[in-house]
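Report on one structure; see the data block that follows.
The values are calculated or read from the model by the stated rules, or taken from the named source; none is laboratory data. Computed from a predicted model, the values in this text were never measured in an experiment. Cβ sites come from the backbone with ideal geometry, for glycine too, and all protein chains shown count toward neighbours. Just so you know, the surface numbers come from the protein's heavy atoms only, side chains and all, with ligands and any DNA or RNA stripped out. Shrake-Rupley method; radii C 1.70, N 1.55, O 1.52, S 1.80 Å.
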Amino acid sequence: MFTAFGIPKKVSDFVTEVENEIGAQLEVYDEIAQHNIYKVLGAFKAAQISERHFGASTGYGYSDIGKKALGEVYAHAFGVQRAIVSPLVASGTHALTIALFGILRPLDVMLCVTGKPYDTLCGVIGIGENTPGSLADFAIKYQELPLNEEGDLDAKATLGELSVNSQIKMVYIQRSRGYERRNSLTIEQIERFIKQIKYLFPKVTVMVDNCYGEFCEHLEPTDVGADIIVGSLIKNPGGGIAPTGAYFAGNKSTVELIEGRLTAPGIGEEIGSYNSSYLPFFHGIYFSPNIVRGALKGVCLASAVFERLGYDVFPGYDAKRADITQTIGFKTKEELITFVRAIQKSSPVDAHVVPYPWEMPGYADKVIMAAGTFIGGGSIELSADAPIRKPYTAFMQGGLCYENIKLAVMTAVYDLQAL
Ligand SMILES: *Cc1c(COP(=O)(O)O)cnc(C)c1O
């Protein structure tokens, strides 16, 4: 089968050999997936989902039962009092923006405790330059703390900041590494941190950017004390099926604050129609834990293969994974581009297209992206992106089925002439 894709036997044998060797590690993800599949199934049952919830709505969408029921499924799955799931939110960044503006008020301070946030958030917050309409433009202040030397959340430094500045209203955690080279944060780390913060400062809102993290572990940040999690539906929880949208899940009072910014204050989730079926959103969350399993296995294999070939991989194949991303470091820009192109070549859509670096809105450096996806830019699907800056690091993630990711790994090994 692999030779049909131009992969020599030497390469496919090598990757298969590595796959066999890491078998025990791959099985870890089966156990996590089983737990989360049952959790989501339980959520469907608890929300009493029926076919009538899949229907479309029009106009104001006042009696849109699909929208409400979808929120209930998410609320049960993430163990929260309330969740809003909306196809009308354009992206993860849009959702995080709505949440930040919903929760924070002028002169409040947002304290990000995971170093520099995801590139697109810099414009939202107004880091560096004061983007019109940013938090900074509304006199909402920003502070940042790096992770400590162990790559963990720095509770001591955070408590220090909180004790000298009563204007800090939000502690912000980005669970996934984004485009930074650092550990993604495990639920265990997040739990230990939040316990210490909430013990002394119970009123501070802990918000977690949960993008790429959903269903990678048994629990979500909201199960261990986070007030609110936010994520994109074209990543994990959409299961590769949801066509657009985002979710907010958390305690009632925090979600209500966000609701005031979602549409109009005082109206919130009561309006907003979707003149298309909600079926893909229900389908998506149902399949999500299983899709995440395949994605985790795929990046685990990629990590093991490229480590064996002497590349700088992060995290290692046997590390505990807190998100679906994998970084692979290359020596040159050319190698980096070859890798990203190999991913594109192995995709179901646009496999014949060659990606080039481009000036992507919201990103500081040129970015090259492989996204041969069914859903435009959907990164729960096999994708790789890399800002063209030193050290030349590719971020790969996703894949709707493990075997596809395996083929992509073989293609990259061959194209890089790494064997
Ligand atoms: C993808 C992502 C975002 C932003 O989501 P978009 O949908 O691309 O706007 C924010 N934070 C993290 C960690 C992400 O992975």
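Whole-Hz Karplus values for region 289-299 come out as x, 6, 5, 4, 4, x, 5, 5, 5, x, 6 Hz, taken residue by residue from phi with 6.51 cos²θ - 1.76 cosθ + 1.60 and θ = phi - 60°; glycine and proline positions read x.
Any idea how far the Cα center of region 174-205 sits from the one of region 232-251, in Å? With region 174-205 and region 232-251 each reduced to a Cα centre, they are spaced 21 Å.
Please report the net charge: other residues with Cβ closer than 13 Å to the Cβ of Ile368, K and R +1, D and E -1. Once all neighbours under 13 Å are counted, the net charge is -1.
Using the empirical formula 2.2 N^0.38 Å as the baseline, the Cα radius of gyration of region 210-342 reaches a ratio of 1.31. Values of log10 I(q)/I(0) for region 70-113 across q = 0.15, 0.19, 0.23, 0.29 Å⁻¹ run -0.52, -0.76, -0.93, -1.01, by the Debye formula with one identical scatterer at each alpha carbon and no solvent.
Volume of the convex hull of region 123-269 (Cα atoms only), normalised per residue: 145 Å³.
Evaluated with a Cβ-only charge set (Lys, Arg +1; Asp, Glu -1), region 1-126 carries a dipole of roughly 640 debye about its Cα centre, given to the nearest 20.
Report, in deg cm²/dmol and to the nearest 500, the calculated mean residue ellipticity at 222 nm for the chain, where each DSSP H run with n ≥ 4 adds -39500 (n - 2.57) and the sum is divided by the residue count.
Estimated from H runs of four or more residues: -12500 deg cm²/dmol.
Residue farthest toward the positive end of the dipole of the chain, with Cβ of Lys/Arg at +1 and Asp/Glu at -1: which of Gly160, Ala77, Leu135? Among Gly160, Ala77, Leu135, the one farthest towards the positive end of the dipole of the chain is Leu135. Heavy-atom accessible surface of the chain, averaged per residue, reaches 41 Å², computed with a 1.4 Å probe. Given a 1.4 Å probe and the protein chains as shown, Leu419 ends up with an accessible area of around 80 Å².
What is the dipole size for the chain, taken about its Cα centre, with +1 at each Lys and Arg Cβ and -1 at each Asp and Glu Cβ, in debye to the nearest 20? Computed about the Cα centre, the dipole is about 340 debye. Between the amide H of Val206 and those of Val171, Asp227, Ile228, distances stay under 5 Å, these residues lying 5 or more places away or on another chain, with hydrogens modeled in the peptide plane. Our coupling estimate for region 128-139, obtained by passing each phi through the Karplus curve with A = 6.51, B = -1.76, C = 1.60 and θ = phi - 60°, is x, 10, 8, 4, x, x, 6, 4, 4, 5, 9, 6 Hz, Gly and Pro reported as x.
Taking every alpha-carbon pair under 8 Å whose residues sit at least 6 apart, region 336-390 reaches a relative contact order of 34 percent.
What is the dipole size for region 263-419, taken about its Cα centre, with +1 at each Lys and Arg Cβ and -1 at each Asp and Glu Cβ, in debye to the nearest 20? Each step should come with its number before you reach the end.
Details: 13 positive and 15 negative charges, 87 e Å.
That gives region 263-419 a dipole magnitude of about 420 debye.
For region 72-87, the Karplus equation 6.51 cos²θ - 1.76 cosθ + 1.60, evaluated at θ = phi - 60°, returns couplings of 5, 4, 5, 4, 5, 5, 9, x, 10, 6, 8, 9, 10, 10, 9, x Hz by residue, with Gly and Pro reported as x. Judged by the ratio a/c of the largest to the smallest principal axis of the C-alpha gyration tensor, region 321-373 counts as rounded, that ratio being less than 1.5.
Going by the alpha-carbon gyration tensor, a ≥ b ≥ c the square roots of its eigenvalues, is region 206-246 rounded (a/c under 1.5) or, if a/c is not under 1.5, prolate (a/b greater than b/c) versus oblate? Oblate, since a/c reaches 1.5 and b/c is not below a/b. Taking 8 Å as the Cα distance limit and 6 or more residues as the minimum spacing, I'd like the relative contact order of region 79-150 as a percentage. Relative contact order of region 79-150: 32 percent.
Taking 4 °C and 1.567 mPa s as conditions, the chain diffuses translationally at an estimated 59 µm²/s according to Stokes-Einstein applied to its Kirkwood radius (Cα pairs). Taking the 1.4 Å solvent-accessible surface of region 150-248 as the whole, the part contributed by carbon and sulfur is 52%.
Between the Cα long axis of helix 23-46 and the first principal axis of the chain there is an angle of about 30°, rounded to the nearest 10. Packing, as the average of other Cβ atoms within 10 Å across residues, places the peptides 388-394, 89-95, 144-150 in the order 89-95, 388-394, 144-150, highest first.
In a fully extended conformation the segment linking Asp137 and Tyr62 would gain 23.6 nm over its present Cα-Cα distance, using 0.36 nm per residue. For the chain, the longest principal axis of the C-alpha atoms and the axis of helix 155-164 are separated by about 30°. Summing charges over all other residues whose Cβ lies under 12 Å from the Cβ of Ser379, with Lys and Arg as +1 and Asp and Glu as -1, gives -2. Other residues lying with their Cβ under 15 Å from the Cβ of Pro87 contribute a combined charge of +1, Lys and Arg counting +1, Asp and Glu -1. For the chain, relative contact order (Cα pairs under 8 Å, six or more residues apart, normalised by length) works out to 18 percent.
In degrees from 0 to 90, rounded to the nearest 10, what is the angle of the helix 92-103 Cα long axis to the longest principal axis of the chain? For 92-103 against the chain, the angle is about 20 degrees. Shape call for region 299-419 from the C-alpha gyration tensor, a ≥ b ≥ c root eigenvalues: rounded (a/c under 1.5), prolate (a/b greater than b/c) or oblate? Cα axes put region 299-419 in the rounded bin.
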